[in-house]
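The values are calculated or read from the model by the stated rules, or taken from the named source; none is laboratory data. Treat the numbers as computed from the prediction; the structure is a model and nothing was measured. Every residue, glycine as well, gets a Cβ built from its backbone with ideal geometry; the counts of neighbours run over all protein chains shown. Please note that ligands, DNA and RNA were not included when accessible areas were found on the heavy atoms of the full protein model with its side chains. Shrake-Rupley method; radii C 1.70, N 1.55, O 1.52, S 1.80 Å.
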Amino acid sequence: MTQSTEQGTIWLTQDAFDKLTQELADLKGPVRQEVIARISAARDEGDLKENGGYHAAREEQGKVEGRIRQLEDMLRRAEVGETPPNDGVVEPGMVVTYKFVGDDDDEAETFLLGAREIEPEGLTVYSPQSPLGSAINGHNKGETVSYEAPNGKELKVVILDAVPFEG
């Protein structure tokens with residue numbers, strides 16, 4: 001889910017951008033204050049070495065601060081709501097249908113090329129930095145593209161369709 005170490009633009013719908021902005025505001029405000037209050041209350045209980053509540057609250061604080069940094073980075077690099085042209089070229093913001101070479105058309109799969117944080121209903125999202133996403137990015141409908149899977153195996157896919165995401 002994390003894309004904070006990946007460079008470049010992240011394509012987000014306006015709705016996803018707004019949700020992530022709200023999540024960031026909640027984390028920086030009420031969530032952060034609640035965790036600080038739990039740490040303070042647990043610290044007041046005494047010995048910190050064997051204080052499970054204190055250690056759990058500190059761990060939660062680390063997770064919250066990490067998510068804040070991730071969201072800040074993502075929102076800083078976001079390209080919001082720019083729907084790409086309907087020209088059959090695979091790029092972030094396109095819904096792509098593909099199949100592996102040798103598979104039947106009924107085994108085709110469809111996904112959105114974009115940030116996983118978009119999470120549209122019933123549609124898988126692949127990052128443009130993923131092995132498949134980076135291999136087909138910039139290619140056209142009808143092309144066959146090879147890429148190396150994480151397990152080192154060479155895979156070939158046929159791009160059956162690429163249309164702008166409407167959502």
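Descriptive notes on the structure:
- Any chance R58 is within 30 Å of V35 (Cα to Cα), at pLDDT below 85 and surrounded by 12 or more Cβ atoms within 10 Å (Cβ to Cβ): no
- Counting only helices (runs of 4 or more DSSP H) that sit completely within region 8-82, those holding 1 or more residues that are within 30 Å of E166 (Cα to Cα) correspond to 14-26, 52-76.
- Criterion (open to solvent by less than 70 Å² (accessible area, probe 1.4 Å) and not basic (K, R)) met by exactly one of Q70, Q33, Q14: Q70
- Taking the listed residues E121, E72, E45, the one that is out of contact with any helix residue (DSSP H, G or I) (no Cβ under 6 Å at 6 or more places or on another chain) and modelled with pLDDT of 85 or more is E72, with no other qualifying.
- Matching residues in region 108-164 - criterion: being of a type in the set (G, A, S) and either more than 30 Å from D15 (Cα to Cα) or open to solvent by less than 30 Å² (accessible area, probe 1.4 Å) (or both): G114, A115, S127, S130, G133, A135, G142, S146, A149, G152, A162
- Residues located in region 121-145, provided they are over 14 Å from D87 (Cα atoms), in a loop (DSSP other than H, G, I, E, B) and of a type in the set (S, T, N, Q): S127, Q129, S130
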